[in-house]
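Visitor: Structure incoming, see below.
The values are calculated or read from the model by the stated rules, or taken from the named source; none is laboratory data. In this text, all values refer to a predicted model and were calculated from it rather than measured experimentally. Here the Cβ positions follow ideal geometry from the backbone for every residue, glycine too, while neighbour counts run over all protein chains shown. To get the accessible areas, we keep the full protein, side chains included, count just its heavy atoms, and leave off ligands, DNA and RNA. Shrake-Rupley method; radii C 1.70, N 1.55, O 1.52, S 1.80 Å.
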Amino acid sequence: MPLIAVVGAQWGDEGKGKVVDLLAEKADLVVRFSGGPNAGHTVSNPYGEFRLHLVPSGIFYPHTRCLIGNGVVVSPAVLLEELEHLQKKGVDTSRLSISTRAHLIMPYHTLLDKLEEEARGSKALGTTRSGVGPAYMDKVARLGIRAGELLDKEGLLQRLRFVLEQKNILLTKVYGAPPLSLEEVYDQYCQYGDCLAPFICETEPIIKEALEREEIILLEGAQGTLLDIDFGTYPYVTSSSPVAAGAFVGLGLSPKRIDYILGVCKAYTTRVGGGPMPTELGDETGESIRQIAHEYGATTGRPRRCGWFDAVAARFSAYINSFNGVALTRLDVLDTFASIKVCTGYKVNGDIIDQFPSSSAVLQRCQPIYEEIPGWQSPTTHLRHFEALPPLAQSYIKRLEELIACPISLVSVGPRREQTIIVRPIL
Ligand code: IMP
């Protein structure tokens, strides 16, 4: 089974970093295909605890090559800081490659992300303000600057002069902000180019050769299906395609290639930023989940909104991505609850629905219909086999499988690699 995609099934932060770090042990290539420094993949392993924003979570294994695909938007500043941190911790980063086609986050993207959010006022999306949205806008508007352009300083100056002229009109005339200096931005990006040049290359041949050699390739998704630009809770979404299909255009892969799609779900739900979340708990229970699980954004430090597992949303994700299996993470967070709820449908305008609506306005009005399940109230973090789990925990997992209509392949009961129960082998 050489090509496996690991995709977020909820609103991001499902624990994809841990799952990829675990599976990467057997992988030859680990690849990011979408998103940018808005991601924060928490990985806890013998090197320490890391929050990776751009570097694929496979970087810790000496035999694994890592690749940042064309679908990713790269902030050179964030990437260089991350590489430096990894190197200081003794991690070899020389096996990283960055696609020449990956778009760059420029200083005006970060500025515009902030200015646009401020201008939205009470309708702010709650972005990570890392410039991701404006960078994807420029990609589609054909105003983007790509990593490969850092290797041609003369060409870069010409492109930057043209683009910055337009951006400065926007910054000064629309937002009343000071203009950016061409010289400063150019010098800065030339320096970034010098530092990143050893990593930037044509990545398609790397993937092609790995496929020909039938090597194990892991596609590391970022964000989650419910933040997808098309299938998420629009407009409260990110600007890329975190769904499995995003990997085809985000890397240059044919849809024929993927062998296994693993959806990652938390055993409950979280969301950071604005937008509807039917199972959000604004009460003590929500606060308990936040405290037990330390649910604060890995990129922004914002408290995450917490709530019960939403099976309507998870079933929708399973369909959109066609998951072969699900990795259920953070089961241990529910260890102390006397009773656990699962949302099995929504009540809206007097009707009961079990489909995830396309309209955020409708989803905002949806009231969750809950099934109540008794909690197992005993620790699970030390358990390593499904049969060793308390019977009520086993029943919870089996019920989620039924509701999502997808087998649960892996259960995570703690942040460390070994705190994982393999229910059905993936590799
Ligand atoms: P942006 O991706 O920074 O433009 O933010 C758009 C929305 O996606 C906001 O609600 C963010 O909080 C959310 N978001 C972006 N990246 C992540 C992530 O990695 N985890 C969780 N939420 C995210």
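Visitor: Among F309, F337, F50, which one shows the biggest mean-square fluctuation in a GNM of the chain, springs joining Cα atoms closer than 10 Å?
Guide: Of the options given, F337 has the highest mean-square fluctuation.
Visitor: What is the helix-to-structure angle for 182-196, meaning the angle in degrees between its Cα long axis and the longest Cα principal axis of the chain, kept from 0 to 90 and rounded to the nearest 10?
Guide: With rounding to tens, the tilt is 60 degrees.
Visitor: Ok, one more. Need the C-alpha centroid separation for region 39-91 versus region 1-33, integer Å.
Guide: When both Cα centres are located, 13 Å separates them.
Visitor: Give me the percent relative contact order of the chain, please, defined on Cα pairs under 8 angstrom at least 6 residues apart.
Guide: Values: 965 pairs, mean separation 83.3, N = 427.
Rounded, it is 20 percent for the chain.
Visitor: So if I place +1 on the C-beta of Lys and Arg and -1 on the C-beta of Asp and Glu, and nothing else carries charge, what would the dipole magnitude of the chain be about its Cα centre? I want it in debye, nearest 20.
Guide: Charge dipole, the chain, about its Cα centre: 300 debye, nearest 20.
Visitor: Report the number of Lys pairs in region 120-217 whose alpha-carbons are under 27 Å apart, with separation of 8 or more residues or on distinct chains. Numbers along the way, then the final one.
Guide: On the way: K123/K139; K123/K167; K123/K173; K139/K153; K139/K167; K139/K173; K139/K208; K153/K167.
Step by step, the pairs that qualify in region 120-217 add up to 8.
Visitor: Follow-up question, since we're still on this one. Would you please give the residues with an amide H less than 5 Å from that of L3, counting only those at least 5 places away or on a separate chain, with H modeled from the backbone geometry?
Guide: Excluding prolines and chain starts, which carry no amide H, the hits are I217, D259, Y260.
Visitor: For D351 paired with Q377, estimate the spin-label separation in nm (one decimal), with each label point 7 Å from Cα along the Cα-to-Cβ line.
Guide: Result for the modelled spin labels: 4.1 nm.
Visitor: Per-residue counts of other Cβ atoms within 10 Å, averaged by peptide: what ranking do you get for 27-36, 275-284, 245-254, 55-64, highest first?
Guide: Details: 27-36: 28.3, 275-284: 17.3, 245-254: 20.5, 55-64: 22.0.
Put in order of decreasing packing, that is 27-36, 55-64, 245-254, 275-284.
Visitor: For n ≥ 4 DSSP H runs only, could you compute -39500 (n - 2.57) per run for the chain, divide by its residues and tell me the 222 nm figure to the nearest 500? Show your work: numbers first, answer last.
Guide: On the way: 12 runs with 132 residues, N = 427.
Value at 222 nm, helices only, nearest 500: -9500 deg cm²/dmol.
Visitor: Sticking with this one: Apply the a/c threshold of 1.5 to the C-alpha gyration tensor of region 173-308 and tell me whether it is rounded, prolate or oblate.
Guide: Working: a/c = 2.17, a/b = 1.20, b/c = 1.82.
Because a/c hits 1.5 or more and a/b fails to exceed b/c, region 173-308 counts as oblate.
Visitor: Leaving out ligands and nucleic acids, and using a 1.4 Å probe, what accessible area per residue does the chain come to in Å²? Mind showing how you got there, number by number?
Guide: On the way: 17530 Å² over 427 residues.
Heavy-atom SASA per residue in the chain reads 41 Å².
Visitor: Using a 1.4 Å probe on the protein chains only, how many percent of the accessible area of the chain belongs to carbon and sulfur? Don't skip to the answer; put the middle values down first.
Guide: Working: 9190 of 17530 Å².
The nonpolar share, carbon plus sulfur, comes to 52 percent.
Visitor: On to the next question. Mind listing the phi-derived Karplus ³J(HN,Hα) values for region 41-58, rounded to whole Hz, using 6.51, -1.76 and 1.60 with θ = phi - 60°, and x for any glycine or proline?
Guide: 8, 7, 10, 10, 8, x, 6, x, 10, 10, 10, 8, 9, 10, 6, x, 5, x
Visitor: For region 109-144 and region 366-385, what is the centre-to-centre distance using only Cα atoms, to the nearest Å?
Guide: Distance between centres, Cα-based: 38 Å.
Visitor: Fully extended, how many nm does the chain gain between C190 and E49 (0.36 nm per residue separation, minus their Cα-Cα distance)?
Guide: Values: separation 141, 0.36 × 141 = 50.76 nm, distance 3.16 nm.
In short, 47.6 nm is gained.
Visitor: A follow-up question, please. When DSSP beta bridges are limited to those with both residues in region 309-427, what percentage is antiparallel, rounded to the nearest 5? The partial results should precede the final answer.
Guide: Numbers: 14 of 19 bridges.
Here the share of antiparallel DSSP bridges comes out near 75 percent.
Visitor: Something else: To the nearest 10 square angstrom, what accessible area does R399 show with a 1.4 Å probe?
Guide: 70
Visitor: Taking the alpha-carbon centroid of each part, what is the distance from region 303-351 to region 147-181 in angstrom?
Guide: 44
Visitor: Indicate, rounded to the nearest 5 percent, the antiparallel portion of the DSSP beta bridges found entirely in the chain. If you can, show how the numbers build up before the last one.
Guide: Working: 25 of 60 bridges.
Counting only bridges with both partners in the chain, antiparallel ones make up about 40 percent.
Visitor: Could you state how much accessible area E25 has, in square angstrom rounded to the nearest 10, with a 1.4 Å probe and all protein chains kept in place?
Guide: Only protein atoms counted, so the area is about 110 Å².
Visitor: Which links in K114/K266; K16/K256; K18/K398 stretch past 25 Å when you go from one Cα to the other? If you can, show how the numbers build up before the last one.
Guide: Values: K114/K266 30 Å; K16/K256 23 Å; K18/K398 22 Å.
Cα-Cα > 25 Å for K114/K266; rest within.
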